[in-house]
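Since the structure comes first, as structure tokens, the remarks are kept for the end.
The values are calculated or read from the model by the stated rules, or taken from the named source; none is laboratory data. Please read these numbers as outputs of a predicted model, since none were measured by experiment. Counting neighbours? That spans all protein chains shown, and the Cβs are built from the backbone with ideal geometry, glycine included.
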Ligand code: SF4
């Protein structure tokens, strides 16, 4: 069977696409199957999922088109209308090979429960230079704007030993950087008998030599003193923290159902930036949440101004059916939300430049990811996206020491550091 897996959405979905691709690679029989790993985080994500299903249906009329994942749970009818033959939700995603075989034989689809993550492993290599390692699924925070927790099932964590074995396989497959991902990493371990923390998990992963680790996104409550201490002493734990903020206003944060205040966020972010060598920060912000007035928005801007994040992901609130926030009063007009989003985007460009300028002259460790427009491009340990002139003899997937020589709005340039002409001016 020829199987093609197409994916949308977050890193957890990307990991699961690899998992499905590895498991479906040996599916017996003739014919063609297209699996669309859908996303339902926003109305736009639902539309994109339906569009991809419809496109595959049109372009491959004889193939089986299967929609799986978050959209399959949250927006099933639309995917069937778009032309999916089979729609499989998150609960059954891991059993897709079994379900496909049953479907093709014309048998009833077997029932199953939410699978444990202890069985979920990828071997790699991933198609990109960075590997992904999913260690957690589900979320009990219940943020009022979010649909993810409604479709991801109960809290499940991968035992540290299982995660370490998976990391060993990924390192053996040639990956030098592994991105540790989950739906809500701050809740890692709560469902396991020994209650390991995220810091315990990372300590176990760090036993695997020759690879560095990056965390995808950690809510503020997940940045414990123990994790902060690990970041401070362990150079192989990449010093970049993507910590969703959503709003800098306590009233809005409470209405969102978030687990922290603006002051707590700021305190954690500053502790990270001041105590971890070479640290940089990324954040998510949502504008136009019901009840966000001009004063609340300016609190968000003031907080971020104090932190100068390297990356800022800006979302405009859109009501999702079935969420508590969709019923809240105080809707912000679309044009006003667009204005706030544009204002933040302009500021984010300035903050990014300021964050990168701090590293002018510094030496950083660059993972070489791809070639693009005359440059080798990749990310440093602190997530600066750096270009090195293509004339340098580099290889994709390797880590090379670079010195940052230029920072512009759309470019951070590095030069390979260990060439003789670069040695004389090593920054102290
Ligand atoms: S923490 Fe909130 S936004 Fe994140 S997955 Fe859980 S409910 Fe959704």
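Please find, among 142, 174, the residue that is more than 14 Å from the ligand (Cβ to nearest atom) and either assigned to a loop (DSSP other than H, G, I, E, B) or not assigned by TED's automatic domain parsing to the domain that holds residue 87 (or both).
Residue meeting the stated conditions: 174.
Does residue 241 count as away from the ligand (no atom under 14 Å from the Cβ), buried (at least 23 other Cβ atoms within 10 Å of the Cβ) and without any contact (Cβ under 8 Å) to a residue 40 or more places away in the chain?
no
Say we look at the range 407-426 and pick out the residues that are within 25 Å of the chain's Cα centre (by Cα) and more than 12 Å from residue 377 (Cα to Cα); which of these is modelled with the lowest pLDDT?
Per the stated criteria, the residue is 410.
Of all residues in the range 181-214, count the ones that are within 16 Å of the ligand (Cβ to nearest atom), free of Cβ contacts under 8 Å to residues at least 60 places away in the same chain and more than 18 Å from residue 258 (Cα to Cα).
The number of residues fulfilling the criteria is 4.
Please find, among 98, 111, 119, the residue that is under 30 Å from residue 212 (Cβ atoms), more than 16 Å from the ligand (Cβ to nearest atom) and at pLDDT below 95.
So the residue among 98, 111, 119 that is under 30 Å from residue 212 (Cβ atoms), more than 16 Å from the ligand (Cβ to nearest atom) and at pLDDT below 95 is 119.
Mind checking which residues of the range 366-378 are in contact (Cβ under 8 Å) with a residue 60 or more places away in the chain and buried (at least 20 other Cβ atoms within 10 Å of the Cβ)?
Once the filter is applied, which keeps residues that are in contact (Cβ under 8 Å) with a residue 60 or more places away in the chain and buried (at least 20 other Cβ atoms within 10 Å of the Cβ), the range 366-378 yields 367, 368, 378.
Only one of these conditions is not met by residue 217: (1) within 16 Å of the ligand (Cβ to nearest atom); (2) in a loop (DSSP other than H, G, I, E, B); (3) surrounded by fewer than 21 Cβ atoms within 10 Å (Cβ to Cβ). Which number is it?
The number of the failed condition is (3).
If residue 350 passes every condition in (1) assigned to a loop (DSSP other than H, G, I, E, B); (2) surrounded by fewer than 13 Cβ atoms within 10 Å (Cβ to Cβ) but one, which one does it miss?
(1)
Among the residues of the range 153-162, is any part of a helix (DSSP H, G or I), more than 12 Å from the ligand (Cβ to nearest atom) and over 28 Å from residue 271 (Cα atoms)?
yes
Within the range 124-139, which residues are more than 10 Å from the ligand (Cβ to nearest atom) and out of contact with any strand residue (DSSP E or B) (no Cβ under 6 Å at 6 or more places or on another chain)?
Within the range 124-139, 125, 126, 127, 128 meet the criteria.
For the range 256-301, which positions are within 16 Å of the ligand (Cβ to nearest atom) and without any contact (Cβ under 8 Å) to a residue 12 or more places away in the chain?
Answer for the range 256-301, where residues must be within 16 Å of the ligand (Cβ to nearest atom) and without any contact (Cβ under 8 Å) to a residue 12 or more places away in the chain: just 261.
Scan the range 383-401 and tell me whether some residue there is under 22 Å from the mean Cα position of the chain (by Cα), free of Cβ contacts under 8 Å to residues at least 60 places away in the same chain and in the same structural domain as residue 213 (by TED's automatic domain parsing).
Within the range 383-401, not a single residue is under 22 Å from the mean Cα position of the chain (by Cα), free of Cβ contacts under 8 Å to residues at least 60 places away in the same chain and in the same structural domain as residue 213 (by TED's automatic domain parsing).
Output the helices (runs of 4 or more DSSP H) that fall wholly within the range 1-80 and possess 2 or more residues being closer than 17 Å to residue 94 by Cα, within 25 Å of the chain's Cα centre (by Cα) and not assigned by TED's automatic domain parsing to the domain that holds residue 139, or say none.
Numbers: elements: 11-24, 43-59, 70-74.
So the answer is 11-24, 70-74.
Quick check on my filter: what residues within the range 244-255 are more than 16 Å from the ligand (Cβ to nearest atom) and either outside any helix (DSSP H, G or I) or in contact (Cβ under 8 Å) with a residue 24 or more places away in the chain (or both)?
248, 249, 251
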